[in-house]
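Heads up, the thing below is written out as structure tokens.
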Amino acid sequence: MAEAMTAARRPSVIWLPFQECTGCTESITRSHSPTIESLIFNVISLDYQETLMAAAGHQAEEALQQAIKDNFGKYLLIVDGSIPLGQDGAYSTIGGKSNLETLKEVAKGAAAIVAMGSCAAYGGIPKANPNPTGAVSVADVIKDKPIVNIPGCPPIPVVMTGVLAHYLTFGSLPELDKLGRPKAFYGETIHDRCYRRAFYDQGKFAKTFDDEGARNGWCLFELGCKGPVTHNACATTKWNGGTSWPVESGHGCLGCSEPDFWDAGSFYKALSMPATPLKTVGVAAAAGAAVGVAISLANRAKKGAAKAAHETTTLPDLEK
Ligand code: SF4
Ligand code: SF4
């Protein structure tokens, strides 16, 4: 691994920003392992990244063309942001070209593409109803290149750099799930690894953000937590160098790494699917430890059912 990552010729990486908020770039700069500095200075040749590069204007566009020419067929293309198709792409242009034009042009010479963040992976917030710009994902446009999706709004920094490190080390994309996400980071739900899970299993739920249950760290399910249907690594990697993560800070998961999370319904409405049986759990758990164990097992079975349901549905379907 060390050998691959210190190869004499550093692999070229081109990062294209489209309809985005720069949150994904901001997030990757917080990666602590590996750090973005170690990647840029020792591992990759980041030939185009508008926010981080020193060049601007024509100089930047020349750097892009040079990188495409010198590394055709070999560079890794990273995209953040969605691609607006409405009004012939006029909603977002760079150097006089629509995002669609640029993506098609640069994708031609890419060995693989990383769709960074929920906008590039699924269309994200720009695609939210009524989708005024006709936003689409990278995979909606590019059909002939390997694509790995790293969704999240934004994605977890170490997940971004971890996937890059994998690609640079092994020269291949990691194993992906059916939504094109690396299984290593998106294989489990937030709920599977949540430290509040014991309270969920006991039927102990905070009812408001400042009640006694909230102060005791009880489960946030009834406050709208989407952890049970959200695949991401927040509960294990955490954020800011492992300092904390949203549920640990007292707020439910919003489901940001799932398609169409913004349109899925209120962030503060409990998922309807497991709600009824959970009420039974709340009463029964108080009845005694033996019953509690049985319920915990039943909940595990329900979790399996929820997982199976998730395989054929998306977040909005679960909220109906
Ligand atoms: S519902 Fe949310 S807060 Fe409760 S255990 Fe699951 S992920 Fe954690
Ligand atoms: S806890 Fe949920 S909404 Fe928050 S960053 Fe993680 S996946 Fe996204």
For Trp239, distant residues with modelled amide H under 5 Å away: Ser244, Trp245
What order, most packed first, do the peptides 196-208, 129-141, 112-124 have when packing is the mean number of other Cβ atoms within 10 Å of each residue? 112-124, 196-208, 129-141
Under the rule of at least 5 residues apart or a separate chain, name every residue whose amide H is placed under 5 Å from the amide H of Val136. Ile83, Leu85
Do any GluC sites (Glu not before Pro) in the range 1-82 lie in a loop, going by DSSP, with at most 16 other beta-carbon atoms within 10 Å of their beta carbon, and if so which? Glu50
By the scheme Lys and Arg +1, Asp and Glu -1, what is the net charge of all other residues having a beta-carbon under 14 Å from that of Asp140? +2
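For the range 89-179, state which trypsin sites (Lys or Arg not before Pro) are in a DSSP loop and have at most 10 other beta carbons lying within 10 Å of their beta carbon. Mind dumping the intermediate values first?
On the way: sites: Lys97, Lys104, Lys108, Lys127, Lys143, Lys178; in loops: Lys108, Lys143, Lys178.
Counting only loop positions with at most 10 other Cβ atoms within 10 Å, the trypsin sites (Lys or Arg not before Pro) in the range 89-179 are Lys143, Lys178.
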For an R0 of 51 angstrom, estimate the FRET efficiency from the Cβ-Cβ distance between Glu212 and Arg9 and round to the nearest 0.05. 0.25
Cut-off 20 Å, label point 7 angstrom out along Cα-to-Cβ of Thr243: give me the residues of the range 25-50 whose amide nitrogen falls inside. 25-38
The ³J(HN,Hα) series, computed from each phi in the range 237-247 with the Karplus coefficients 6.51, -1.76 and 1.60 at θ = phi - 60°, rounded to the nearest Hz and given as x for glycine or proline, is 7, 6, 10, 6, x, x, 5, 6, 7, x, 5
Distance from a point 7 Å along Cα→Cβ of Ala90 to each backbone N in the range 116-142: keep the residues under 17 Å and list them by number. 132-135
Cβ charges +1 (Lys, Arg) and -1 (Asp, Glu), total dipole of the range 46-126, debye: 220
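State the extension gain, in nm to one decimal, for the chain segment bounded by Ser172 and Val141, taking 0.36 nm per residue of separation less the distance between their alpha-carbons. All intermediate terms of the calculation are to be shown ahead of the outcome.
On the way: separation 31, 0.36 × 31 = 11.16 nm, distance 2.17 nm.
Fully extending the segment from Ser172 to Val141 adds 9.0 nm.
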The range 209-246 versus the range 106-159: alpha-carbon centroid distance in Å: 26
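Since every read-out is calculated from the coordinates, none of them should be taken as a lab result. None of these values were measured; they are calculated from a predicted model. Because the Cβ atoms are built from the backbone with ideal geometry, glycine has one as well, and the counts that use them run over all protein chains shown.
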